[in-house]
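Take a look at the structure below.
The values are calculated or read from the model by the stated rules, or taken from the named source; none is laboratory data. If you're wondering where the values come from, they're calculated on a predicted model, not measured in any experiment. No Cβ is skipped: glycine too gets one built from the backbone with ideal geometry, and neighbour counts run over all protein chains shown. Ligands, DNA and RNA are stripped out before the accessible areas are found, and what is left, the full protein with its side chains, is counted by its heavy atoms. Shrake-Rupley method; radii C 1.70, N 1.55, O 1.52, S 1.80 Å.
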Amino acid sequence: QPCEACVRAMTELLTDCWGNPSSVHAHGIAAHHRLRQAREQVASALGAEPDRVFFTSGGTEADNWAIFSAAERLGKRGHHIVTTAVEHHAVLHPMQKLEAKGFEVTYLQPDHDGTITVEELKKALRPDTILVSVMMVNNETGAVMPIADMVKAVRRASPLALFHTDAVQAAGHLAIDVQRNNIDMLSLSAHKFHGPKGIGLLFAKSSIQLTSLIRGGGQERGKRAGTENLPGIIGLAAALKDAQENMQQNTAYITGLRDALRNGLDKIDGAGFNGSREHCLPGTVNYSFQGVNGEALLSLLSNEGICCSSGSACSAGSLEPSHVLLALGLSHETAQSALRFSLCEYNTMDEVQTIITKVTEAVNRLRR
């Protein structure tokens, strides 16, 4: 849900600063000033230059924009791309489209705990590699990838390659500095750190010439036409600032909730933890339950007021098991029995205990 800082900032803007940032009258100039302030604020939070932050409709658009821009700009130098088998579909589907156009894509496989090792990446890199895209944190298991070391490996082995990271799950929860970590392109989405839905951004280094996916106007320095979603941008900036200021205390609090949830779910017969217990964000907990249908379990828990998921929200309605869990080596049956729980600072220990009780009851009921 949106944080108070986000709601407050968006409400104030919609009430007092409703002009079009592209207009030259007083209301437009005021809106343009707010847009510039928000861009500077977000850029500072990411260690980036303001003119290298491009606002988008969310992480999916940002991922697509980064990948297709790299392929178009560097396609004459090489046709090899490296990504992972556990990426979000916002990365995997563009990769499949590029394969159909003649690009060769290597999909790195995770360890049993869902992480991609630097050694695995090194084996895949080639002199003709033009792009490496590895997510910072997996959206289903919470596994944290060694992005800083990966960037260093790419610079040594494939100096022509650009490095893109989908940081949708990481922003607001991990410290991010694109300049210090030498990241070429980075995507994020506001709703993952209590901002509004439908707004995100793409960071791209000054040396990278982005293609124009949307044409028809000069917004976003001529790269993304259309009137800016200023309320969303303001909400994103406010939420990111709030998340970063409270990151340390939120992480400590959520870790306590996470540990209690794990301890409770571990006691369920046939429950299996999916992911890394050590290298992960505290807010994501993924378990499979032997002999139980995940969709039926979701339905029972929803009736109890417990909101969880069986995979990525962008794959809702799919009958196929999670591609992430299959990549970890789980069987189709086990992967289909999995649930993902997302915890945040708004949750309480009483809610965690309720989750444990209701999941236990639901699993036993379905098995009977």
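Can you find a residue in the range 92-103 that is at pLDDT below 95, surrounded by 14 or more Cβ atoms within 10 Å (Cβ to Cβ) and part of a loop (DSSP other than H, G, I, E, B)? Please lay out each step first, then the result.
Keep residues of the range 92-103 that are at pLDDT below 95, which gives none.
No; the residues of the range 92-103 include none that is at pLDDT below 95, surrounded by 14 or more Cβ atoms within 10 Å (Cβ to Cβ) and part of a loop (DSSP other than H, G, I, E, B).
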Going through the range 112-139 in order, the residues found to be surrounded by 14 or more Cβ atoms within 10 Å (Cβ to Cβ) and touching a residue at least 60 places away in the same chain (Cβ under 8 Å) are D113, G114, T115, I130, L131, S133, V137, N138, N139
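Does A175 fit the bill of being modelled with pLDDT of 95 or more, open to solvent by 50 Å² or more (accessible area, probe 1.4 Å), among the small types (G, A, S) and within 26 Å of T251 (Cα to Cα)? Reasoning before the result, please.
Values: modelled with pLDDT of 95 or more: yes; open to solvent by 50 Å² or more (accessible area, probe 1.4 Å): yes; among the small types (G, A, S): yes; within 26 Å of T251 (Cα to Cα): yes.
It is true that A175 is modelled with pLDDT of 95 or more, open to solvent by 50 Å² or more (accessible area, probe 1.4 Å), among the small types (G, A, S) and within 26 Å of T251 (Cα to Cα).
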The condition from (1) closer than 30 Å to A43 by Cβ; (2) in contact with a strand residue (DSSP E or B) (Cβ under 8 Å, 6 or more places away or on another chain); (3) hydrophobic (A, V, I, L, M, F, W, C); (4) open to solvent by 30 Å² or more (accessible area, probe 1.4 Å) that A252 misses is numbered (2)
The residue that is most open to solvent (accessible area, probe 1.4 Å), considering only those in the range 216-245 that are charged (D, E, K, R) and under 17 Å from I29 (Cα atoms), is R221
When every residue in the range 39-86 that is in contact with a helix residue (DSSP H, G or I) (Cβ under 7 Å, 6 or more places away or on another chain) and assigned to a loop (DSSP other than H, G, I, E, B) is compared, the one farthest from T129 (Cα to Cα) is E49
Among residues of the range 287-302 being open to solvent by 40 Å² or more (accessible area, probe 1.4 Å) and more than 17 Å from V352 (Cα to Cα), the residue nearest to the chain's Cα centre (by Cα) is E295
Taking the range 140-165 and keeping only residues that are open to solvent by less than 10 Å² (accessible area, probe 1.4 Å) and touching a His at 6+ places or on another chain (Cβ under 8 Å), one is left with A143
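Restricting attention to the range 1-31, report how many residues are in a loop (DSSP other than H, G, I, E, B) and either surrounded by fewer than 16 Cβ atoms within 10 Å (Cβ to Cβ) or among the charged types (D, E, K, R) (or both). It would help to see each step written out before you state the result.
Step one: of the range 1-31, the residues in a loop (DSSP other than H, G, I, E, B) are 1-3, 17-25.
From the residues that got through so far, the ones that are either surrounded by fewer than 16 Cβ atoms within 10 Å (Cβ to Cβ) or among the charged types (D, E, K, R) (or both) too are 1, 18, 20, 22-25.
Final tally of qualifying residues: 7.
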Picking from M136, M150, the residue that is within 23 Å of P50 (Cβ to Cβ) and at pLDDT 95 or above would be M136
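Table: residues versus (1) under 23 Å from V134 (Cβ atoms); (2) open to solvent by less than 60 Å² (accessible area, probe 1.4 Å); (3) not basic (K, R).
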position: R262; (1), (2), (3): no, yes, no
position: V285; (1), (2), (3): yes, yes, yes
position: S331; (1), (2), (3): no, yes, yes
position: T334; (1), (2), (3): no, yes, yes
Just one listed residue, out of T348, T357, is under 23 Å from K192 (Cβ atoms), polar (S, T, N, Q) and loosely packed, with under 15 Cβ neighbours inside 10 Å, and it is T348
For the range 182-199, pairs from a residue that is in contact (Cβ under 8 Å) with a residue 24 or more places away in the chain and open to solvent by less than 30 Å² (accessible area, probe 1.4 Å) to a residue that is assigned to a loop (DSSP other than H, G, I, E, B) and of a type in the set (K, R), with Cβ under 9 Å and 6 or more apart or across chains, are I183/K205; D184/K205; M185/K205; S189/K197; A190/K197
When restricted to R39, R52, R34, the only residue surrounded by 17 or more Cβ atoms within 10 Å (Cβ to Cβ), touching a Leu at 6+ places or on another chain (Cβ under 7 Å), of a type in the set (K, R) and at pLDDT 95 or above is R34
